[in-house]
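Below is one structure; the comments refer to it alone.
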Amino acid sequence: MSPAPRRRSVLLATAAVTAAATAPAGAATPVRHRASGPLVIGHRGAAGWRPEHTAEAYTYAVRAGADWIEPDLVPTKDHVLVLRHENEIGGTTDVAGRPEFADRRTTRTVDGRAVTGWFTEDFTLRELRTLRTVERLPLVRNRNTVFDGRGRVMTFQEVIDLARRLSGESGRRIAVFPETKHPTYFRSIGLPLEEKLIRVIRRNRLTARECVVQSFEPSSLHRIAAARLGLPLWQALGTSGSPYGHAVTYKDMMSPAGLREIASYAQWIGPDKSSLVPPHTLLADAHAAGLKVGAYTFRAENQYLPAAHRRGTAPNDFGDAFTEYAFHYGQGVDAVVTDFPDIAVQAREGLRR
């Protein structure tokens, strides 16, 4: 059992990043050396600056200094793993405006919830290739809509290839951080994720420095663990309820006993950042169980920040994201999952200085 890391002074950490807050957040100069401190994980790439899960988003994230990049995995009709936040793609591609696919619109029950739209499992990869990506949150991130129509749906293999190319470009080892989305649902319709994921990992000979697998469903991680790939596993945790198809609640999983159980098959937990704010003791409890902790999802807009860090009243304006990073870095979190990896990296550099 490894001891929890020593906490840094949050006041000192906040002061250290104040100067960085005035610097423009950009990725014009690629970051070539990772600073010491928590890992920065580009959430679906750099989703704050480019439409998520696109090559442009992943490239931006790495050039901004992200250590890992996160693809969400869902299958096509012909059982190829592709990158989308959800299997329903009406909000992330131009499929709704494509008359040749109008008859594909349907309603499916996914994880017990009725969803209407267009679904990856109803399209072959060749058909998906004809679609173009769009910004998922156009009302929040209107600036990203200028990139609508420029990207295409990527496969998991393509993001592995991109990560390796960007590793060579940056001189840093960039890891991919795939999440199995709705694994119980996909297994129920004959398109299981884990077997395909394991096959791709083995074919590419991905190492523990190149790949970490995550899921909200413990059963999915157990299937990955049984393959003995030698890769770290990350148990994602919700704020309420239970993982789909599981009796255990997230609250129970975050108890000391639940964390010890997670430590029997995984090396990381990924809780919502709100679960790490006092009086919660999850961070210390997880470290005591030998687990690393990566918090999600850090964003810069007011509506996603704690009330104390908001600036003005407009929900989509940027608030004081640097202070939020300083708090979590100071507490000793091991990683942050962020839509704005450039801001997270600047905050980490400020803390180091």
Residues of the range 229-255 with backbone nitrogen within less than 19 Å of a virtual label 7 Å along the Cα-to-Cβ line of residue 219, please, listed as ranges. 234-238, 241-253
How many percent of the accessible area of the range 229-353 is carbon or sulfur, using a 1.4 Å probe? 53 percent
Just to check I understand the Karplus step: with θ = phi - 60° and J = 6.51 cos²θ - 1.76 cosθ + 1.60, what whole-Hz values come out for the range 146-163, glycine and proline as x? 5, 8, 4, x, 8, x, 10, 5, 9, 8, 4, 4, 5, 6, 5, 4, 5, 4
Phi angles of the range 119-136, converted by Karplus (6.51 cos²θ - 1.76 cosθ + 1.60, θ = phi - 60°) into ³J(HN,Hα) in whole Hz with x for Gly and Pro, give 10, 4, 6, 9, 10, 6, 4, 4, 5, 4, 4, 7, 7, 10, 7, 9, 5, 6
Classify the range 44-138 from the C-alpha gyration tensor, please: rounded if a/c falls under 1.5, else prolate or oblate depending on whether a/b exceeds b/c. prolate
Size of the range 98-153 along its principal axes in angstrom, Cα-based, largest extent first? 33, 27, 18
What net charge do the residues around residue 78 carry, taking every other residue with its C-beta under 14 Å from that of residue 78, with Lys and Arg at +1 and Asp and Glu at -1? +1
Simple label model, 7 Å out from Cα along Cβ direction - residue 164 to residue 100, nm: 3.2 nm
Taking H placed 1.01 Å from N in the peptide plane, check which residues at least 5 places from residue 82 or on another chain put their amide H under 5 Å from its amide H. 74, 76, 156
Under 19 Å between alpha carbons, and skipping anything fewer than 8 positions from residue 273 in its own chain: which lysines qualify? 251, 292
Using a/c under 1.5 as the rounded threshold, could you call the range 179-220 rounded, prolate or oblate? The axes a ≥ b ≥ c are square roots of the C-alpha gyration tensor eigenvalues, and prolate needs a/b larger than b/c, oblate otherwise. oblate
Amide H of residue 110 versus every other amide H placed in the peptide plane: which residues, excluding those fewer than 5 positions away on the same chain, fall under 5 Å? 115
Tell me which residues come under 5 Å, amide H to amide H, from residue 135 once H is placed; ignore anything under 5 positions away on its chain. 148
Determine ³J(HN,Hα), in whole Hz, for all residues of the range 183-194 in sequence, where each value follows from phi through the Karplus function 6.51 cos²θ - 1.76 cosθ + 1.60 and θ = phi - 60°; x replaces Gly and Pro. x, 5, 4, 5, 5, 5, 9, x, 10, x, 7, 5
Residue 148-residue 116 FRET efficiency (beta carbon distance; Förster radius 30 Å; 0.05 resolution): 0.85
Under 23 Å from residue 196, Cα to Cα: lysines that are on another chain or at least 8 residues apart: 77, 181
Can you tell me the FRET efficiency between residue 78 and residue 277 if r is taken as the Cβ-Cβ distance and R0 is 45 Å, rounded to the nearest 0.05? 0.50
Please work out the FRET efficiency for the pair residue 265 and residue 107, using the Cβ-Cβ distance as r and a Förster radius of 41 Å; give the result to the nearest 0.05. 0.70
Relative to the present Cα-Cα distance, how much length would full extension add between residue 308 and residue 228 at 0.36 nm per residue of separation? 24.3 nm
In Å, the C-alpha Rg and Dmax of the chain are 19.6, 59
Only helices counted: for the chain, with every DSSP H run of 4 or more residues adding -39500 (n - 2.57) and the sum spread over all residues, [θ] at 222 nm is -8500 deg cm²/dmol
Of the residues 249, 313, 297, which exhibits the maximal mean-square fluctuation in a Gaussian network model of the chain defined by a 10 Å Cα contact cut-off? 313
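The values are calculated or read from the model by the stated rules, or taken from the named source; none is laboratory data. What you see is a predicted model, and the numbers here were worked out from it, not measured in a lab. Note: ideal-geometry Cβ built from the backbone for every residue, glycine included; neighbour counts use all protein chains shown. Keep in mind that these areas ignore ligands, DNA and RNA; they rest on the heavy atoms of the full protein, side chains included. Shrake-Rupley method; radii C 1.70, N 1.55, O 1.52, S 1.80 Å.
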